[in-house]
Amino acid sequence: MKDNKLKRYNIYIEGEWINAYNGETIEVHNPATGEVLGYVPNGGEAETKEAITAAEKALKEWRELPANVRSGYLKKAFHIMMEQQNELAEIITLEQGKPLNEAVGEVQYAAGFLEWYAEECKRVYGETIPAWSPNKRMIVIKQPVGVVAAITPWNFPAAMITRKMAPALAAGCTVVLKPATQTPLTAIKLFEIFETAGIPKGVINLVTGSAKAIGKTLMEDERVRKLTFTGSTEVGKKLMEQSAKTVKNLSLELGGHAPLIVFDDADIDKAIEGTIASKLRNCGQTCIASNRFYVHEKVKEQFIKKLKDKLKNYKVGNGMETGVEIGPLIDGNSFEKVKEHIKDALDKGATLEFGGKAHHSGINHKGGYFIQPTLLSNITNQMLITKEETFGPIIPVITFETEEEVIKMANDTNYGLAAYFFTESLSRAVKVAEKLEFGIIGINDGKVSSPQAPFGGYKESGIGREGGHYGIEGFLETKYISMKI
Ligand code: ADP
């Protein structure tokens, strides 16, 4: 039964807010309570095709605009977003669950991409190359790749959108966005901001609904020249396969399984701070969350004791309540997976040092999946938790004795997104950073994301980099012009 008092939202195609053509909607839930927050259109193939047509039509003018004009739109969107940061943050907390102060942090981070690419937009330089003949000139220019399909996840419902759309728009591309099914309201609010900033009709389009149908339509359409995706490795591989027929340009930011190493020469307080920053943010639901904690035998006891003392103070609950530092998990599947990881570790001999309690308080078996921050020791490589991404606030501690041994264990994974380590030795810092096979390294630092820095992974964690001047390259083609004079 639909609650008629709740808002029905629209999708955005060619500057119009519309329903799905068949009038169907899907519910959006509050993960802290299970309540329905509103309804969004259940779009599919037809709406997606229409959005691609609009983006293709708008491309001609948008790509021709002088860079400073495109820059102006992005700057305006940045300012509006900052003015409305509290409103946007509330939407994020309501549909995604993270504590309100974290949501404000996400909005500022997300807005940072708009500001940064508003500047970078003006610096898409070409090149002249010395020719080997006096009557030749060789020139390289950069041009937008064309219509971009952007598919984004629920864990950072605002930042993952601006991290893709800001460089795409800066480069002169037009966009069709499919946000995560769990968090479409943040995307809708962002599009209202973009509309207020005056971004011309058709340049940005938003389709909510069936992920499979929208994804397949985007991937099979030859007019879409680029896919930028953040999500699971499994779905990333599927999209890669689907995009092969039309040989799309790809940027994929996929799963992670980050190691965090505490060497015997580490400053333990810094290691604790880094552990909390990299693990507990967003209830452990970040692709760069530390997932395996390798702690040197000599400092293990000290590390566990200090960490336990910190974890005792953490308040778990509804992110809208003051003082809550850990919100709910996004849904029942995540809840079951995290519980399974804890149970599997305990069954195989792990020690529960702190936490471990999980409870479900949501209505209609939806939402309200809470889990305590949990510290486990005596972890072995046989346990599930050392093999898969957990996506929850669980800290499994594995001990080691030598640098060589721990680097081998850290690299022993198909993932390669982020790695963290703690040491006070300068030469060890350099050597270990170079040996770890990951795209992002935090040295004595658990908070590594920033709009101006490259973000992306090795191995099955993805292709390409987002952020900084690297981030715009994925939306540009390189054209070589040879001229005889
Ligand atoms: P997560 O595990 O973080 O939810 P997913 O890879 O399932 O990651 O989701 C990331 C994004 O991909 C979301 O927008 C989701 O709706 C979308 N998605 C999921 N399955 C498909 C699919 N088969 N085709 C296209 N997009 C998909």
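Values in this text are rule-based calculations from the coordinates and carry no lab data. Since we're looking at a predicted model, the values are computed, not measured. Please note: Cβ atoms are built from the backbone with ideal geometry, for glycine as well, and neighbour counts cover all protein chains shown.
Looking at the structure I just gave you, is T228 within 14 Å of the ligand (Cβ to nearest atom), polar (S, T, N, Q), in contact with an Asp or Glu (Cβ under 6 Å, 6 or more places away or on another chain) and touching a residue at least 12 places away in the same chain (Cβ under 8 Å)? The answer is no for T228. Evaluated against (1) more than 15 Å from the chain's Cα centre (by Cα); (2) more than 10 Å from the ligand (Cβ to nearest atom); (3) surrounded by 17 or more Cβ atoms within 10 Å (Cβ to Cβ), E220 falls short on exactly one condition, (3). For the stretch 92-116, the tally of residues that are in contact (Cβ under 8 Å) with a residue 40 or more places away in the chain and farther than 16 Å from T162 by Cα stands at 9.
Condition check for A258 on (1) surrounded by 23 or more Cβ atoms within 10 Å (Cβ to Cβ); (2) touching a His at 6+ places or on another chain (Cβ under 8 Å): one failure, at (2). Checking the structure you have, find out if any residue of the stretch 239-247 is in contact with a Gly (Cβ under 7 Å, 6 or more places away or on another chain), within 12 Å of the ligand (Cβ to nearest atom) and under 22 Å from A453 (Cα atoms). The answer is no; no qualifying residue exists.
State which residue pairs qualify: first residue more than 30 Å from L329 (Cα to Cα) and inside the stretch 394-405, second residue acidic (D, E) and surrounded by fewer than 21 Cβ atoms within 10 Å (Cβ to Cβ) in any location, beta carbons under 6 Å apart, and separation of 6 or more residues or different chains. Filtered contacts from the stretch 394-405: E401/E297.
In the stretch 288-321, which residue that is acidic (D, E) and free of Cβ contacts under 8 Å to residues at least 12 places away in the same chain is nearest to V432 (Cα to Cα)?
Restricting attention to the stretch 288-321, the residues satisfying the condition of being acidic (D, E) are 297, 301, 309, 321.
So of that shortlist, the ones also free of Cβ contacts under 8 Å to residues at least 12 places away in the same chain come out as 301, 309, 321.
On the way: E301: 23, D309: 29, E321: 41 Å.
Of everything passing the filter in the stretch 288-321, E301 is nearest to V432 (Cα to Cα).
Picking from residues in the stretch 113-130 that are in contact with a Ser or Thr (Cβ under 8 Å, 6 or more places away or on another chain) and of a type outside the set (D, E, K, R), the one that is surrounded by the fewest Cβ atoms within 10 Å (Cβ to Cβ) is A118.
Restricting attention to the stretch 429-459 and to residues that are more than 21 Å from E405 (Cα to Cα) and either buried (at least 20 other Cβ atoms within 10 Å of the Cβ) or of a type in the set (A, V, I, L, M, F, W, C) (or both), the residue that is farthest from the chain's Cα centre (by Cα) turns out to be G446.
Give the stretch 167-191 a look and list any residue that's outside any helix (DSSP H, G or I) and within 15 Å of the ligand (Cβ to nearest atom), or say none.
Of the stretch 167-191, the ones outside any helix (DSSP H, G or I) are 172-183.
The answer is V175, V176, L177, K178, P179, A180, T181, Q182, T183.
On the stretch given as the stretch 111-153, residues that are over 17 Å from the mean Cα position of the chain (by Cα) and either within 16 Å of the ligand (Cβ to nearest atom) or outside any helix (DSSP H, G or I) (or both) total 25.
Which of the residues belonging to the stretch 167-208 are among the charged types (D, E, K, R) and either surrounded by 23 or more Cβ atoms within 10 Å (Cβ to Cβ) or within 22 Å of G474 (Cβ to Cβ) (or both)?
Our first condition is that a residue be among the charged types (D, E, K, R); within the stretch 167-208, this holds for 178, 189, 192, 195, 201.
Across the stretch 167-208, the qualifying residue is only K178.
Among the residues making up the stretch 202-217, those that are more than 15 Å from K49 (Cβ to Cβ) and more than 10 Å from the ligand (Cβ to nearest atom) are V203, I204.
Counting residues in the stretch 192-201 that are in contact with a strand residue (DSSP E or B) (Cβ under 8 Å, 6 or more places away or on another chain), of a type in the set (F, W, Y) and within 16 Å of the ligand (Cβ to nearest atom) gives zero. Whether any residue in the stretch 27-40 is free of Cβ contacts under 8 Å to residues at least 24 places away in the same chain and not aliphatic (A, V, I, L, M) is what I want to check. The answer is yes; a qualifying residue exists. The strands (runs of 3 or more DSSP E) found wholly in the stretch 314-388 and carrying at least 3 residues that are more than 21 Å from N282 (Cα to Cα) occupy 351-354. Please specify each residue of the stretch 436-451 satisfying the condition of being under 17 Å from E253 (Cβ atoms) and out of contact with any strand residue (DSSP E or B) (no Cβ under 7 Å at 6 or more places or on another chain). Across the stretch 436-451, the qualifying residues are S450, P451. For the stretch 154-166, the set of residues classified as assigned to a loop (DSSP other than H, G, I, E, B) and crowded, with 24+ Cβ neighbours inside 10 Å consists of N155, F156, P157, A158, listed by residue number. Among the residues making up the stretch 146-186, those that are out of contact with any Ser or Thr (no Cβ under 6 Å at 6 or more places or on another chain) and basic (K, R) are R163, K178.
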